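*Asks:* One structure follows; several queries about it will come next.
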Amino acid sequence: MTTSAKLSPDTICADATATRAHAARHLPLLPAGTILRLHGPLGAGKSEWVRGLAHALGVLGEIPSPTFTLCQPIHGGRLLLEHWDLYRLENARDWISLGWPDCLYTVGLVAVEWPERYPGPWPAQTLDLTLTPQSDGSRLLSWT
Ligand SMILES: Nc1ncnc2c1ncn2[C@@H]1O[C@H](COP(=O)(O)OP(=O)(O)O)[C@@H](O)[C@H]1O
Ligand SMILES: [Mg+2]
């Protein structure tokens with residue numbers, strides 16, 4: 001069975017804890033070198049999901065997030081996790097000077113918020129997760 005065949009079907013996550021747990025459940029299905037493209041509006045829970053992944057990798061304590069930097073490397077887990085947030089890059093064109101796309105080929109895991117900002121190409125080992133806020137405050141998480 002391929003990895004994508006084992007990913008959960010659409011899942012409702014009632015709160016941030018459930019969203020982090022969803023990430024933790026999926027970690028065993030994410031081989032080193034996987035790129036995770038995280039889709040969804042501001043506040044959908046993309047960073048919460050990455051936090052859950054970091055905790056599941058064994059990172060202890062506060063997980064830094066790429067609020068003022070484009071990329072936040074998260075050390076201290078079984079694999080290096082690189083967390084990109086491309087939100088502020090709407091007009092960026094100089095991907096080469098940012099280190100793209102080479103930085104996508106790592107020995108760890110890479111999570112990218114607002115991946116739509118990057119025109120590609122993406123490595124083959126890329127998965128897409130969409131987080132959609134629901135009217136009751138929960139989030140619908142779907143692998144697409
Ligand atoms: N079901 C849920 N899943 C994830 N976050 C939730 C959920 N319900 C409420 N939240 C809250 O929504 C916010 C999501 O923020 P964040 O993860 O930074 O979003 P994003 O990175 O998508 O912009 C957090 O304050 C979190 O506590
Ligand atoms: Mg975020």
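The values are calculated or read from the model by the stated rules, or taken from the named source; none is laboratory data. What you are looking at is a predicted structure, and each value in this text was computed from that prediction instead of being measured. Here the Cβ is made from the backbone with ideal geometry for all residues, glycine too, and neighbour counts use every protein chain on show.
*Asks:* Sort out which residues of the stretch 105-122 are under 22 Å from residue 57 (Cα atoms) and exposed (fewer than 15 other Cβ atoms within 10 Å of the Cβ), and write them in order of number.
*Replies:* Keep residues of the stretch 105-122 that are under 22 Å from residue 57 (Cα atoms), which gives 105-113.
The answer is 105, 107.
*Asks:* Looking at the stretch 55-65, can you tell me whether even one residue there is at pLDDT below 90 and surrounded by 13 or more Cβ atoms within 10 Å (Cβ to Cβ)?
*Replies:* There is at least one residue in the stretch 55-65 that is at pLDDT below 90 and surrounded by 13 or more Cβ atoms within 10 Å (Cβ to Cβ).
*Asks:* Checking the condition touching a helix residue (DSSP H, G or I) at 6+ places or on another chain (Cβ under 9 Å), within 24 Å of residue 142 (Cβ to Cβ) and either within 16 Å of ligand 1 (Cβ to nearest atom) or in a loop (DSSP other than H, G, I, E, B) (or both), which residue from 111, 124 passes?
*Replies:* Sole residue among the options that is touching a helix residue (DSSP H, G or I) at 6+ places or on another chain (Cβ under 9 Å), within 24 Å of residue 142 (Cβ to Cβ) and either within 16 Å of ligand 1 (Cβ to nearest atom) or in a loop (DSSP other than H, G, I, E, B) (or both): 111.
*Asks:* Does at least one position in the stretch 19-27 carry a residue that is away from ligand 2 (no atom under 16 Å from the Cβ), of a type in the set (A, V, I, L, M) and out of contact with any helix residue (DSSP H, G or I) (no Cβ under 8 Å at 6 or more places or on another chain)?
*Replies:* There is no residue in the stretch 19-27 that is away from ligand 2 (no atom under 16 Å from the Cβ), of a type in the set (A, V, I, L, M) and out of contact with any helix residue (DSSP H, G or I) (no Cβ under 8 Å at 6 or more places or on another chain).
*Asks:* State yes or no: is residue 69 over 30 Å from residue 135 (Cβ atoms) and either within 16 Å of ligand 2 (Cβ to nearest atom) or in contact with a helix residue (DSSP H, G or I) (Cβ under 8 Å, 6 or more places away or on another chain) (or both)?
*Replies:* Judged against the criteria, residue 69 is a match.
*Asks:* Which of the numbered conditions does residue 38 fail, given that it passes all the others? Conditions: (1) surrounded by fewer than 22 Cβ atoms within 10 Å (Cβ to Cβ); (2) within 12 Å of ligand 1 (Cβ to nearest atom); (3) closer than 16 Å to residue 127 by Cβ.
*Replies:* In the conditions (1) surrounded by fewer than 22 Cβ atoms within 10 Å (Cβ to Cβ); (2) within 12 Å of ligand 1 (Cβ to nearest atom); (3) closer than 16 Å to residue 127 by Cβ, residue 38 misses (1) alone.
*Asks:* Check whether at least one residue in the stretch 8-31 is modelled with pLDDT under 95, more than 16 Å from ligand 1 (Cβ to nearest atom) and either in contact with a strand residue (DSSP E or B) (Cβ under 9 Å, 6 or more places away or on another chain) or within 18 Å of residue 115 (Cα to Cα) (or both), and report yes or no.
*Replies:* yes
*Asks:* Right, residue 80: surrounded by fewer than 18 Cβ atoms within 10 Å (Cβ to Cβ) and either of a type outside the set (Phe, Trp, Tyr) or under 21 Å from residue 20 (Cα atoms) (or both) or not?
*Replies:* yes
*Asks:* I'm trying to understand the selection: among the residues of the stretch 50-94, which are touching a Gly at 6+ places or on another chain (Cβ under 9 Å), part of a helix (DSSP H, G or I) and within 15 Å of ligand 1 (Cβ to nearest atom)?
*Replies:* Selection gives 53, 54, 55.
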